[in-house]
Each structure stands twice: as C-alpha cells, then as structure tokens.
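S.K.: Structure incoming, see below.
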Amino acid sequence: MLILSLFPGIDLLGRGFEAEGFCVVRGPDTLWGGDIRSFHPPAGHFDGVIGGPPCQDFSKSRRTEPTGYGLEMLSEFTRVVTEAHPTWFVMENVPTVPNIQVDGYKVQRVDLDARECDLAQSRLRHFQYGDLRGYVIIIERNAARGEARPCCMASEGKRHGRRTWADFCELQGLPRDFDLPGMTREGAYRAIGNGVPVPMARMIARAVTTARAPVGFRVCECGCGRPVGGRRVTATVACRKRLQRQRDAAGVTVPGAVTLFECESPGESL
C-alpha cells in the first residue's frame, strides 16, 4: 500500500511501515526546511496517512506553558487527512494528546509500551487509528521481559553521562552502527529520541495490515486494542485499572477502588 508520512523527521515510524511492505512517501518537515501548512496532497492517491505531530504541548514532562503550536499541528494533520482522503490513518503522540476527529472516520485510541514490542526501554506511546470502513486494529502484544531501562528522550544528547550512541540506537530498534551524517551528535540524539521505536512502528503496521470490522467482538474500552466478547468491556485486570485511572483523571468518577465490571456469567471472576 502507498502511504503518506507526515512530520517525518528521520521517520522511524515510516521505517517500520516500510519494513512491513508499505511504500512510504514523506511529506515536508521543519527538520529539512519544509512546512506542512503549505502542503496539499492529491486526493485519492494514498491508501493511508501516518504521522506524529509535535507533542511538547501535551507532554507531562514539559516545563513551560503550552504554546498552542501542538493544537495547530493536530489541526494540520486532520486537514491533510481530509484532503488526501485515505482509507485509514494513524496518528502517533503522547498518551495525553487530545482526540482528533476527521469526518467519516471511526477513530480508535491505543496505547503501546516499547517493552511490549521486545524492546528493553520503558516508553509509552499513543496511537489513534481512523478508518473509513469502521475497521479496528488488534495489537498482538508481547510480554515484557527483564528489567526496564530508562526511556530514550530527545534531550539525552545534552546530558552528562548520556548512554553511548550505539546503545541509544539499539534501544530505539536501530542498528548499533546507525549513523546520521551531517548532524551534530546532540542533534542526532534528538532526532532519534523524537522517533517511534522501529519495532513498535512495525507492530502498528502489522495491525493495520490485518485491520477488520468488529464483527462478533468489541475492542477493550481502555485503549489497549485487545478484543473482548460477551458483556465484558475490558480485557484484563490491568485494563480495568487503566480505565478507572482515565475516568478519575477526567473527573467522571471519584478516585477510589477500581470498579468491578459485570462479567459474562454470575460469580465469574475477572
């Protein structure tokens, strides 16, 4: 499938899709002197649109007030999707990013950790999948193994005692001898740290390939992308806790014990 990658940077997200057989066309990026605000894609040429708009305004680790740039770039992402009119889109960001809405698309929220993609670092990323057909994606997660290493951050290049370049690349799913000629070392760390780990991108790409209509099942309400059946609304105990935290944070419920949802049969334990 032919897809358009927005806000690509060095495009680790696009690399993951390419590794799964997609043909990727990269849109403009400020890293290379481009501006998405003056970009208008042709309609009907792309099967999908992927991209990760700037996340600093939505990140919990930010130290300044939001500038409004993040919301502007989310709006640009939805504009390009509307103009390109693909069958589906994938938007990547931090878990606290607002929902996006594009007319005609059913949108699904999914959170995924790098450790569920066979990586050693703990790095939680958020994806919104939109589909004109109403299809959903099912994430085939792996069990986390071993002790988690700290998340790869774009700011690591500035730190004293930073991890070696080879280790940093490996944690993001790149070859240890990966290189970015022409960039300063600090800039290269930033470019890699801003990217989606390649194995995570590949897992999302595989899920897109097998997207299907939710016939005979529903998707867990916590955003994990796992299918559920019967009267269940969550897939696991961890999902129930995650959903409760989301409701508490939104002010929907009073923080407290996790709500026990009704099971498929009386007395059944989740």
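S.K.: Report whether or not residue 140 is surrounded by 19 or more Cβ atoms within 10 Å (Cβ to Cβ), acidic (Asp, Glu) and within 21 Å of the chain's Cα centre (by Cα).
M.R.: no
S.K.: How about the stretch 113-140: which of its residues are aliphatic (A, V, I, L, M) and more than 16 Å from residue 59 (Cα to Cα)?
M.R.: Scanning the stretch 113-140 gives 114, 119, 120, 132, 136, 137, 138, 139.
S.K.: Quickly run through the stretch 18-71 and pick out the residues that are charged (D, E, K, R) and under 27 Å from residue 2 (Cβ atoms).
M.R.: Once the filter is applied, which keeps residues that are charged (D, E, K, R) and under 27 Å from residue 2 (Cβ atoms), the stretch 18-71 yields 18, 20, 26, 29, 35, 37, 47.
S.K.: I'd like the full set of residues that are surrounded by 13 or more Cβ atoms within 10 Å (Cβ to Cβ), more than 14 Å from the chain's Cα centre (by Cα) and either in the same structural domain as residue 128 (by TED's automatic domain parsing) or in a loop (DSSP other than H, G, I, E, B) (or both), limited to the stretch 220-240.
M.R.: Within the stretch 220-240, 220, 221, 222, 226, 232, 233, 234, 235, 236 qualify.
S.K.: Right, something else. Taking the condition more than 19 Å from the chain's Cα centre (by Cα) and either free of Cβ contacts under 8 Å to residues at least 60 places away in the same chain or under 24 Å from residue 192 (Cα atoms) (or both), does residue 39 pass?
M.R.: yes
S.K.: Do any strands (runs of 3 or more DSSP E) entirely within the stretch 1-94 hold 2 or more residues that are surrounded by fewer than 18 Cβ atoms within 10 Å (Cβ to Cβ) and assigned by TED's automatic domain parsing to the domain that holds residue 207, and if so, which?
M.R.: 23-26
S.K.: While we're looking at this one, here's another question. Take the conditions over 16 Å from the mean Cα position of the chain (by Cα), part of a helix (DSSP H, G or I), within 25 Å of residue 49 (Cα to Cα) and aliphatic (A, V, I, L, M) and apply them to residue 166. Does it pass?
M.R.: Criteria not met by residue 166.
S.K.: Also: Might you check whether a residue that is in contact with a Leu (Cβ under 7 Å, 6 or more places away or on another chain), farther than 20 Å from residue 141 by Cβ, outside the structural domain of residue 118 (by TED's automatic domain parsing) and buried (at least 20 other Cβ atoms within 10 Å of the Cβ) occurs anywhere in the stretch 164-182?
M.R.: Scanning the stretch 164-182 turns up no residue that is in contact with a Leu (Cβ under 7 Å, 6 or more places away or on another chain), farther than 20 Å from residue 141 by Cβ, outside the structural domain of residue 118 (by TED's automatic domain parsing) and buried (at least 20 other Cβ atoms within 10 Å of the Cβ).
S.K.: Quick one: count up the residues across the stretch 62-111 that are free of Cβ contacts under 8 Å to residues at least 12 places away in the same chain and farther than 26 Å from residue 207 by Cα.
M.R.: Residues in the stretch 62-111 being free of Cβ contacts under 8 Å to residues at least 12 places away in the same chain and farther than 26 Å from residue 207 by Cα: 8 in total.
S.K.: For the stretch 146-157, what are the residues that are charged (D, E, K, R) and either in a loop (DSSP other than H, G, I, E, B) or out of contact with any helix residue (DSSP H, G or I) (no Cβ under 6 Å at 6 or more places or on another chain) (or both)?
M.R.: Listed by number, the residues that qualify are 147, 149.
S.K.: Would you be able to say whether some residue in the stretch 106-118 is part of a helix (DSSP H, G or I), of a type in the set (D, E, K, R) and assigned by TED's automatic domain parsing to the domain that holds residue 7?
M.R.: Within the stretch 106-118, one or more residues are part of a helix (DSSP H, G or I), of a type in the set (D, E, K, R) and assigned by TED's automatic domain parsing to the domain that holds residue 7.
The values are calculated or read from the model by the stated rules, or taken from the named source; none is laboratory data. Not measured: the values here are computed from a predicted model. Using ideal geometry, Cβ is built from the backbone for each residue, glycine included, and neighbour counts are taken over all protein chains shown.
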